[in-house]
Each structure stands twice: as structure tokens, then as C-alpha cells.
Number of protein chains: 2
Amino acid sequence: MSTTTLWDVSANNQPHRGHPARSTLADVARLAGVSGSTASIAFSGDGSISAATREKVLKAAAELNYYGPDPRAKSLRQGRSGIVGVVLEDRIIHSFRDPMTIAALDGISQEIGEGGGMLLLTATGVGEPSIQTAVFDAAIFLGCSPHLAGSITVMRQRNVPMVAIEGQHFDGVVAVDLDNRKAAAVMAQHVYDLGHRLVATVTLPLDARRELRALTPADLETATTAVSRDRLEGARAVYPSVTGFVTSTSSSDDGFAAALLLLDVAPDARPTAIIAQSDLIAVGVIRAAEALGLLVPHDVTVVGFDGARIEGFTHHDLTTMVQPATEKGRAAGRAVTELLAGEASPDVAFTCRLHVGDTAAPPTAVAR
Amino acid sequence: MSTTTLWDVSANNQPHRGHPARSTLADVARLAGVSGSTASIAFSGDGSISAATREKVLKAAAELNYYGPDPRAKSLRQGRSGIVGVVLEDRIIHSFRDPMTIAALDGISQEIGEGGGMLLLTATGVGEPSIQTAVFDAAIFLGCSPHLAGSITVMRQRNVPMVAIEGQHFDGVVAVDLDNRKAAAVMAQHVYDLGHRLVATVTLPLDARRELRALTPADLETATTAVSRDRLEGARAVYPSVTGFVTSTSSSDDGFAAALLLLDVAPDARPTAIIAQSDLIAVGVIRAAEALGLLVPHDVTVVGFDGARIEGFTHHDLTTMVQPATEKGRAAGRAVTELLAGEASPDVAFTCRLHVGDTAAPPTAVAR
DNA sequence: GTAGACATTCGAATCGATTCGATTCGGTAC
DNA sequence: GTACCGAATCGAATCGATTCGAATGTCTAC
């Protein structure tokens, strides 16, 4: 029935495979001549115990090569494993390549790790069933789509606290939000105010399809990825009919490819500004522009989103919306901590800040 | 006693906090009118059961909002949690910034994730105790130092299979190695063969200290990070007295800073080649050279290590030793899978390949 | 001398499932 | 009609600890 042969339990059934039989707390207690409860206290430290007894227990433990309670049993009894699940939308490698995800993960690990918690990474999609079999105390969804509805039901039933960073809002899931829509509108307005009228956009993936393709009007309807949809809506608030491309992932390669298609056209059809939905994409766009012999911002204005510090991109100061990415992660981590402590935790909303760099300028009057 | 108040269990003791009491498999069995064992089979699927009975159980489960067995209890009984611990040397954020670590993680997750396993990230250091309380079936050490000896003892006693990628060799820990020493020597020889006699190196961190500093002869003795030590030894095999700088982390910023110190000197004291221990560092070195008005490779040869594809570094083709980073991760993942299946798994050794790019050339005869 | 307070220690129940050996039962073969 | 077989189901033990209430022992106070 189960397709996951890798974790087949049968291999585990052999009583002992050459190794000396593992000793348990009960063995230790027996050797030390105390009850199991006392031995437990000797290790956990909560409950009163005389120094002599503890000594005796620890000595017995050393003798039996017993190094402390089995985490599995402990977690069953206590209902706590110290593990926080982080659910990523993408395949793990994609997430790792996105500086914003990394920053959020870092923020999470700062808060969680400090308290001795650990991070369990999971991705939705192929391995989705695993999320239901996972031993974790709380879950953080990182930019996840509605796919999750089922899993969320399960976790809710298990009383597993949940936090969603920039995802769809679900009942009983603490939201850590970013004002993507508004920020994208602010940025678009900035470009508009500079005088640009013919602009294009390069968006992040809008749904599960992972391929670079032209943005179609239908995309807004069918979009499942909240972040990209919101940013696109923000841009459309200023440029209602903006078109462009949808990337397969937030990368400068995709930005490069998209920009080649957008910019390698007759000068009077060429957009005077490109609004990229991420800094990584923006960098690719700039690189493509320069490869085509265009100057940024003289010939084309390029703006990004995120405020990522991009390794190796130093000759420009990108105009972008700076978001508090690490802070988002920390907020999620704190929320989890609070929820696990039995406290309520309010939703949090973060805002972006416009950073005016040197990649946006008024359009140059060409033959138009 | 325990300092980890965050995961305090007390908050969990409240019987039910507004939520309806969680139902268990026993409740389901009772409602369905079957025994617990039968109900278990209805979910797990191994064991024979009539379709009618299964149906009855699933219906009862639905009625009680029971969504499947509690992973904690399951893992206790089966002795398997489906979790593979990945132990990182550094703070998590540092690891995330290193493309080689990311690649290895990706490789691991490819192999592990495919079988339904999950990745639990931990770092040594502050949270070290946690490694002993962690619920995992196997552990992968990613470039870890001898700090771990204690933890390894514990895991060994628990029969937790272990794999170390490029770490110190421990008994009973499968090694996935890279020929760092030899590859570094090959690279140094390449530089030597080009005619360079005055060279400097910029190394990765050699021990727990995380600061940019001058490389001293004592460093080789006290080095605890195997990778950096091996690469340094490789370079010394060709240039026995090579000096230079030790970075705080693999980053182009540190490479930049180190290179400024190395290159901003009188031309006849300036090294004609710089051997960087990572591509990230090499990129920083090249950037610094160019900032000083030096041409690469005309004025200074720069070589790296790793074969990382660096975002935004396109105007040069770095001469470097290419390592199969993702493949290392996959090998580790496979090893874990085999070990968990009860099979033996041999050590694996990977080799690097010299990639000759355009950043290394014979030295130009200056006034020397 | 005895009651009460306090610190230790113990026994047994519990966490929530899985699993193994035994049992039941309908059906087939002779 | 009896013997036997396989499929379905059940009961009870088990995984390895934690925890709570009860029992024991010690010391102080009056």
C-alpha cells in the first residue's frame, strides 16, 4: 500500500544487528537499584532527588552506555518534540536559491533555535503525504498556496499551531503578512511619476506551472501564488493593462531571458521601464538590457522588489521596494513560540519601503 | 535545570484548550465496533482486512475527525520517524549563504525526499544539546569539526546511522569525501606551471574563530576544519611557505577585503597570483583587483575552488577546481537510505576536476 | 512523645499507536 | 462428516519514557 519503501520498518525488526542491545532507562534504574520514576528525575531534573541518588543513577547509566532518554518515547509522553516544521512551496532547491526564503528561514531559526527548537524542512507537492506523518509541534508555511488546505485540516485537528508567512489566510492560522499589493502599487506609481507610460513587467511564478512564458490576462484569475498575484495587482492598479512575462522561478537567468524578449524589439515598441517582481529578476533584466547595448536607466528604467543584497551586483544601486525579510521569519518564529506556550498570537503585517537607487529615471524622448 | 523554557511542556498540560478533545485510534475502533488492531490495519494497510471493515473504520474516523495515527506514537512503536538530521557546522544562516552547502543539501533532499523522508536542520554550537534530544533516524554531518565527538558517541549508542560529508573520519560513520588536498595541489601546480613564484592564498575559516585575519604558520597546526586545512596543505605541497589571509566565511566580501590587503602594495611585493579556497572568495578577489586598477589575469592571476555558478559573475570564466557538490549530497542521501535498510554502505570518495578558465595566465615580467 | 512539615522515593497509569500469536469462521477436499 | 486451510479479526504485550498520587522516612516544634 505504502509506496515509501525507503523507510520500511521491516529492516528495523532485527533485534540487534551486531550492536550490543540498546539499554533503556528501565535497565539503568534496575542497575542503580531505584525505581524508573526516580531514574527519570535524575535525568530530567524536575522533581526533587538527593545528590547521592542522582550520582548513583548516572553512574549506572555510564556503565550501561546509556546517554539519556529516547527522544521518541519522550515526545510521545510529553506531546512535544521540539521540532517546528517549515513547509515550503517549492522543491527545496528552489527555495534555497531564493534570497528572501533564505532570509526568512534565518529569521525563523534565530527565534526557534534560541529556545532549543529545530527546523524540519518539507516541501509540498510530491512528498505531501509526509506532512501528515511528520512529528512536529508547530508548522510554518512559507509562501504556500491553497494546496495545503487538506494538510491544514489535519494539523488543526491535531492542535498543531500554524503560522503562514505571506500565504492565503486560513482560519486558525496566524498570518505574517507583507503589504505586497500596496508596495507594488507604490513602486508602479513611482515609475509612473517619472513619466513612463509604456512599461512591462516580469513576474514571479503565478501558479504551479514552472516555465517562462508570456503573461496573459487570464493569469490573474487563475493565480494561486498570493505573493505574485498581489504584486501584479499592485502594478495593475497603476498600469491596468500592463503585460510582460511570467518566470519559472525568481532568478536572474529568467529575468535575463524575459528581458531579451521584451527589449529586443523596434525602439518605438520597446518599453521604457520594466517592473520586475524580484531583485533577482531585475538584475537579470538589467544584464539583458546592457547586453543589448541599452543603458540603464537612460534607455530603460528597471525596478525590482525585495531589497536583496545580490552577490556580484555592484555597479548599480537598484531602485526597489525593500522588505524586512528576516524580520518576517523572526515574527513567525515568535508567533510559534507564543502559540506553543499556550498564548494567543496576533497576526502581524509588515510593510515595504521604497528605496530609490540609480536604475530608474524619466524616459528619454525617442522618436515617439 | 533545563534552560529551554520555550518548549516547556507545562503549557501543554491543559486538557483541552477550547478544542474538542482529540480522538485517538482507540476511539475510532470503539465507534466502528472493531478492535484496535483492526483499526490500525485499516489505516496502515499492512495486514489483511475486508473492504467492508475498512470502510466502516474510515467512516468512524471521519465522524470523529480522526485523520490518521499520531506520528509520535507511531515513531515510538516502529522506531522510525522518517526524519534525517542534517548537522551543520555553522550557524544556519552562514550555511545557507554557501552555494556548496546548498548544493549538498539539495542532493540530500533529492535522495531522502524521494523516499518520503524529511530533513531536520541543526547546527552545532549553541544548540548542541538538542542534537541529543532530536528525533531522527539518521544523521548527516556536513563539514563538521571534532566538536561532534560527543554527539557521535550518543548516536552510535542509539544505533543511529551516520554519514559525514567531508568531515573528520569517525569509526562507524560513513565518509563521503572529496579529494580536497590533492585537488588543491593540482591547482597550485597549475599556477606554478604557469610560472608564478610569488603567490598568496585566501583560505576558508580554519577553526571556530570567525574573523578575517592574516594566515599564520601556527594555523595549520590548530586547524579544526578539515576542508580548509586540506586545501591549505595541498597548496603548501607546491608553495611550502605560502601566506595570505583567513576569511571569516566563504564570501566575496571577505575575498575582496583580503585581496585589498594583499594587492594594495608596492608592485614588486605584490603576489602575481592569488589562490582562493572558494569561488566566492575568488570573485571578491577579482573584484578587488579590478577596483585597484589591476587586470585579471594580466596583472594578477586568480584561481578559485568549487566550480560554483556565481550569480552575477559573468565577465570572467574563473579557473577553478570543479567539485561535484550536489553529487556529494546525493551520495550521502543514498548512504543513509542503505544504512536504514540495514545494508552496509561503503565510504565514497569524489574527485575534483580542473577547469581552466580565463583568470589564470603566466605572470607578466614587471620590474622584478 | 507525637503531630506536622518536608524531602525522597516508589508504583502504576499513561501517552497512542503497532504487532504477534491465537482464535474464529466460512469454504473446500476427500 | 471430518479435517484442513486461509482470510479476517481480536487481545494483549510492547515501544521507552514521564508523571501523579501515595508511601516512606527524617527532622523540627511544641
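The values are calculated or read from the model by the stated rules, or taken from the named source; none is laboratory data. Predicted model, so just to flag it, every value in this text is computed and none were measured. All Cβ positions, glycine included, derive from the backbone under ideal geometry; neighbour counts span all protein chains shown. Areas reflect the complete protein model, heavy atoms only, side chains present, ligands, DNA and RNA absent. Shrake-Rupley method; radii C 1.70, N 1.55, O 1.52, S 1.80 Å.
List of remarks:
- Local electrostatic count at residue B:237 - Lys and Arg +1, Asp and Glu -1, tallied over other residues with Cβ under 12 Å: +2
- Straight-distance crosslink candidates among aspartates and glutamates, where the alpha carbon sits under 15 Å from residue A:182 and sequence neighbours closer than 8 are dropped: A:166, A:230, A:233, A:306
- Dipole magnitude (debye, nearest 20) for segment A:20-69, charges at Cβ of Lys, Arg, Asp, Glu: 80 debye
- Given R0 = 35 Å, the distance between the Cβ atoms of residue B:264 and residue B:207 translates into a calculated FRET efficiency of 0.85.
- 7 Å along Cα→Cβ, label-point gaps from residue A:241 to other copies, nm, shortest first: 7.5
- Value of relative contact order over chain A, rounded to a whole percent, pairs C-alpha under 8 Å and six or more apart: 16 percent
- Cross-link partners of residue B:328 among lysines (Cα-Cα below 16 Å; sequence separation of 8 or more within a chain): none
- The protein assembly as shown - share of DSSP beta bridges that are antiparallel (%, nearest 5): 15 percent
- A simple charge model with +1 on the Cβ of Lys and Arg, -1 on the Cβ of Asp and Glu and nothing else charged puts the dipole of the protein assembly as shown at about 1900 debye relative to its Cα centre.
- Segment B:208-259: relative contact order as a whole-number percent, Cα under 8 Å and 6+ apart: 51 percent
- Relative contact order for segment B:57-138, counting Cα pairs under 8 Å that sit 6 or more residues apart, in percent: 39 percent
- Cα gyration tensor category, rounded, prolate or oblate, for chain B with a/c compared to 1.5: prolate
- Solvent-accessible area, 1.4 Å probe, carbon plus sulfur percent, for the protein assembly as shown: 55 percent
- Solvent-accessible area of residue A:256 with every protein chain in place, 1.4 Å probe, in Å² to the nearest 10: 70 Å²
- With the charge dipole of chain B set up from +1 on Lys and Arg Cβ and -1 on Asp and Glu Cβ about the Cα centre, the Cα lying farthest toward the positive end among the listed residues B:195, B:102, B:85 is that of B:85.
- Shape analysis of the protein assembly as shown places it in the oblate category; the axes a ≥ b ≥ c from the Cα gyration tensor give an a/c of at least 1.5, with a/b not above b/c.
- Think of a 1.4 Å ball rolled over the protein heavy atoms: the protein assembly as shown then has 42 Å² of accessible area per residue.
- Chains B and A together, accessible area buried on both sides, 1.4 angstrom probe, square angstrom: 7000 Å²
- Here segment B:318-341 and segment A:126-205 have alpha carbon centers that stand 32 Å from each other.
- A point 7 Å from Cα along Cα→Cβ stands in for residue B:343, and the other copies hold the same point at 5.1 nm, listed in rising order.
- With a Förster radius of 51 Å applied to the C-beta separation of residue B:221 and residue B:30, the computed FRET efficiency comes to 0.15.
- Nitroxide proxy distance, nm - points 7 Å out along Cα→Cβ at residue B:22 and residue A:344: 2.3 nm
- Interface burial in segment B:56-77, defined as at least 40 Å² less accessible area with all protein chains than with the chain alone at a 1.4 Å probe, covers B:67, B:71, B:72, B:76.
- Evaluated with a Cβ-only charge set (Lys, Arg +1; Asp, Glu -1), chain A carries a dipole of roughly 1040 debye about its Cα centre, given to the nearest 20.
- Dipole of the protein assembly as shown [Lys/Arg +1, Asp/Glu -1 at C-beta], most positive-end residue of B:360, B:38, B:206: B:38
- Solvent-accessible surface (1.4 angstrom probe) belonging to residue A:169, in square angstrom, nearest 10: 110 Å²
- Sorted from nearest, the other copies put their residue A:169 label points 6.0 nm away, the label point being 7 Å from Cα in the direction of Cβ.
- Cα gyration tensor shape for segment B:180-323, rounded if a/c is under 1.5, else prolate or oblate: rounded
- Sites residue A:154 and residue A:37, calculated FRET efficiency, Cβ-Cβ separation with R0 35 Å, nearest 0.05: 0.55
- For residue B:176, the residues 5 or more places off, or on other chains, whose built amide H falls under 5 Å of its own are B:164, B:165, B:166, B:167, B:348.
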